[in-house]
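Inspection log for the structure reproduced underneath, given as structure tokens.
The values are calculated or read from the model by the stated rules, or taken from the named source; none is laboratory data. From a predicted model like this one, the values you see are computed outputs, not experimental measurements. Heads up, the Cβs are rebuilt from the backbone with ideal geometry, glycines too, and the neighbour counts pull from every protein chain shown. These accessible areas exclude ligands, DNA and RNA; they are computed on the full protein's heavy atoms, side chains included. Shrake-Rupley method; radii C 1.70, N 1.55, O 1.52, S 1.80 Å.
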Amino acid sequence: MVIKKHDKIDIIIALNAPATIGVANSIQNMNLQGKIKVIGFDATHEEIDFMEDDVIQATILQNPYSMGYLGVKYAIEDSNKNKVPKNVNTGSKMIDKGNMYTPENQKLLFPFVN
């Protein structure tokens with residue numbers, strides 16, 4: 001494992017949910033939480049649990065509502081021969097234990113819960 005070979009690693013950035021969960025599991029199993037920081041991507045229930053347990057320090061979230069809404073909007077506009085932007089920033093946000101409980105961020109973490 002990379003962590004055992006390179007003992008000076010102090011942060012790992014994972015670029016998708018499965019990688020984030022895999023890294024967090026390894027960090028927890030090796031009892032390295034607090035020694036190696038983990039930055040993840042997305043927000044599965046497992047990742048949120050790992051953040052609450054201080055195994056993951058932060059995660060980057062996309063805005064799936066904007067992605068879906070704007071994707072459909074621009075597909076319709078394009079099919080109607082209207083000009084659409086070449087690139088669209090649908091937004092992303094870094095969530096950590098300090099801001100994960102704000103109402104705004106709760107909507108991103110749990111988009112289908114009332």
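Tabulate in residue order the Karplus-calculated ³J(HN,Hα) for the range 43-60, using 6.51 cos²θ - 1.76 cosθ + 1.60 with θ = phi - 60°, rounded to whole Hz; enter x for Gly and Pro.
With coefficients 6.51, -1.76 and 1.60, one gets 8, 6, 4, 5, 5, 5, 4, 5, 5, 4, 8, 6, 8, 9, 8, 7, 9, 9 Hz.
With the cut-off at 32 Å, tell me which of the pairs LYS35/LYS107; LYS35/LYS86; LYS4/LYS97; LYS86/LYS107; LYS8/LYS97 have Cα atoms farther apart than that.
LYS35/LYS86
Treating the angle as unsigned and between 0 and 90°, give the value, to the nearest 10°, between the Cα long axis of helix 17-29 and the longest Cα principal axis of the chain.
So the helix axis and the longest Cα principal axis differ by about 10 degrees.
In whole percent, and with a 1.4 Å probe on the protein chains, what portion of the accessible area of the chain is carbon and sulfur?
55 percent
Could you put ASP10, ASP42 in order of accessible surface area, largest first, with the 1.4 Å probe and the full protein assembly present?
ASP10, ASP42
In sequence order, what are the phi-derived ³J(HN,Hα) couplings for the range 75-92 according to the Karplus relation 6.51 cos²θ - 1.76 cosθ + 1.60 with θ = phi - 60°, rounded to whole Hz, with x for glycine and proline?
The phi angles translate into 5, 5, 4, 5, 5, 8, 6, 7, 6, 10, x, 5, 10, 9, 8, 8, x, 8 Hz.
Counting each DSSP H run of 4 or more residues in the chain as -39500 (n - 2.57), what helix-only mean residue ellipticity at 222 nm follows after dividing by all residues, to the nearest 500 deg cm²/dmol?
Here the helix-only value at 222 nm equals -12000 deg cm²/dmol.
Using a 1.4 angstrom probe on the protein heavy atoms only, could you order THR90, THR20 from most to least accessible area?
The ordering from most to least exposed comes out as THR90, THR20.
So for the chain, taking the charge dipole from beta-carbon charges (+1 Lys/Arg, -1 Asp/Glu), which of THR44, ASN80, ILE27 sits furthest toward the positive end?
Among THR44, ASN80, ILE27, the one farthest towards the positive end of the dipole of the chain is ASN80.
So I have [x] 8.5; [y] 9.1; [z] 10.5, and one of them is mean projected area of the Cα convex hull in nm² calculated from this model. Which one is it?
[y]
Send over a whole-number figure in Å² for the accessible area per residue of the chain, probe 1.4 Å.
69 Å²
Tell me the accessible surface of GLU104 in square angstrom (1.4 angstrom probe, heavy atoms of protein chains only), to the nearest ten.
Solvent-accessible area, nearest 10 Å²: 120 Å².
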